[in-house]
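The values are calculated or read from the model by the stated rules, or taken from the named source; none is laboratory data. Everything numeric here is computed off the predicted structure, so don't read it as measured data. Ideal geometry is used to build each Cβ from the backbone, glycine not excepted, and the neighbour counts take in all protein chains shown. Note: areas computed on protein heavy atoms with side chains; ligands, DNA, RNA excluded. Shrake-Rupley method; radii C 1.70, N 1.55, O 1.52, S 1.80 Å.
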Amino acid sequence: MGMTLLEVRNARLYYATTKGVVKAVDGISFELNEGETLAVVGESGSGKTTLGKLLTRVWERNVSVVDGEIYLEGKEILHIPEEEFRREIRWRKIAMVPQASMNALNPVIRIGDQMIEPLLLQGTSRDEALKMAMDALESVGLPRDLVNRYPHQLSGGMKQRVIIAMSIMAHPKVVILDEPTSALDVITQANIMNLLKKLKWEFRLSYIFVTHDLSLASELADSVAIMYAGKLVEIGGAEDIYGNPSHPYTQGLISSVPTLRVDKNLSFIAGEVPSLINPPAGCRFHPRCPFYRDRDYLKGLCDAKEPPMIELEGKASRKHLVACWLYK
Ligand SMILES: Nc1ncnc2c1ncn2[C@@H]1O[C@H](COP(=O)(O)OP(=O)(O)OP(=O)(O)O)[C@@H](O)[C@H]1O
């Protein structure tokens, strides 16, 4: 695996709401290596999309706290001026396929015009930008003259290819894919996954693949990061996370994955993701944790002190880290 491309240190993003401050990403650290696909997995509301927003610096007006450091090839990019980020980083180094973005294409504006807009904003000429758009369409298996068509003429799968083409057209290093196949039928979903694999090799991309679906993640991921209630609870090489899931939340997620081959009862994790306005003290998962419930020595610990990241022995080249008092 390649060198460290992206390093996220203690990143936070909070939203101000009338009910209080939502700590959607609350002190997350991880690294992404060159050529790696890191899947970020968690239930709805765990902060996965917010993490993508932090990395691309695209966020709503009600964001109240942005903190931590993000290094891209050794250069800090979370705190550089917006103008510099727009000119040099967004699309050119880090691009994103936002959740449900294919539905955000304007049906009455030509595909080409929508694709080139971010490039024009960065100062690329119209001719150059159109060429980049057509090259990208070709790379995702669409005809070059699609630039002249309108989104309402395309199927869902084709629209998603257009969005993916947009993300790679300026040859970024990192692409953040937020649920890139949700809302597509299973066949189209499989085609898109194959396309993502092909593009990864062709353009030597690194992916951050955001999904709630552990089995989908397994198709693409070299490494997996598990998010729970704004925190990272476990991260490691895919073989360690799937072969030796260590955080009780990860274990619950894995045993909730339905399988066609084994006839077993689905084991669900009781309860739901807590409010991120007043999250539980200590480990945020403790109110749902079967070990906390059953083992007396964990009382007064998991509900009081935040667990540190503990390194486990793993098989993969990436460190296997878990934030859980069971391992201390
Ligand atoms: N602009 C906003 N203002 C206030 N709260 C927000 C805002 N955007 C997201 N949130 C809240 O932040 C938390 C994390 O949301 P986020 O969308 O990052 O989670 P997620 O894991 O991506 O979930 P999903 O898979 O449903 O998109 C949720 O509680 C959500 O309601």
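Does Tyr15 qualify as being more than 9 Å from the ligand (Cβ to nearest atom) and at pLDDT 95 or above? Quick ask: steps written out before the conclusion?
Working: more than 9 Å from the ligand (Cβ to nearest atom): no; at pLDDT 95 or above: yes.
Spelling it out, it is not the case that Tyr15 is more than 9 Å from the ligand (Cβ to nearest atom) and at pLDDT 95 or above.
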Go through (1) part of a strand (DSSP E or B); (2) open to solvent by 30 Å² or more (accessible area, probe 1.4 Å); (3) charged (D, E, K, R) and name the single condition Lys159 misses. (1)
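Yes or no: the range 84-95 includes at least one residue that is within 16 Å of the ligand (Cβ to nearest atom) and either over 21 Å from Met227 (Cβ atoms) or open to solvent by less than 50 Å² (accessible area, probe 1.4 Å) (or both). Give the steps one after another, and end with the answer.
Let us first name the residues in the range 84-95 that are within 16 Å of the ligand (Cβ to nearest atom), namely none.
No, every residue in the range 84-95 fails to be within 16 Å of the ligand (Cβ to nearest atom) and either over 21 Å from Met227 (Cβ atoms) or open to solvent by less than 50 Å² (accessible area, probe 1.4 Å) (or both).
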So which residues in the range 162-197 are among the charged types (D, E, K, R), buried (at least 18 other Cβ atoms within 10 Å of the Cβ) and away from the ligand (no atom under 16 Å from the Cβ)? Lys173
Pairs under 9 Å by beta carbon, first residue open to solvent by less than 10 Å² (accessible area, probe 1.4 Å) and part of a loop (DSSP other than H, G, I, E, B) in the range 230-244, partner polar (S, T, N, Q) and within 16 Å of the ligand (Cβ to nearest atom), six or more apart or different chains? Gly230/Ser46; Gly230/Thr50
Need the failing condition index for Ala316 against (1) within 24 Å of Gly35 (Cα to Cα); (2) at pLDDT below 95; (3) open to solvent by 30 Å² or more (accessible area, probe 1.4 Å), just the number. (3)
Can you find, within the range 20-75, the residue that is farthest from the ligand (Cβ to nearest atom) among those that are in contact with a Gly (Cβ under 6 Å, 6 or more places away or on another chain) and part of a strand (DSSP E or B)? Asn33
Take the residues in the range 175-210 that are in contact with a Pro (Cβ under 8 Å, 6 or more places away or on another chain) and part of a strand (DSSP E or B); name whichever of them is nearest to Ser275 (Cα to Cα). Asp178
Neighbours by Cβ (under 7 Å, 6+ apart or cross-chain): first from the range 23-46, under 11 Å from Met227 (Cα atoms); second more than 10 Å from the ligand (Cβ to nearest atom) and part of a loop (DSSP other than H, G, I, E, B): Ala39/Ala221
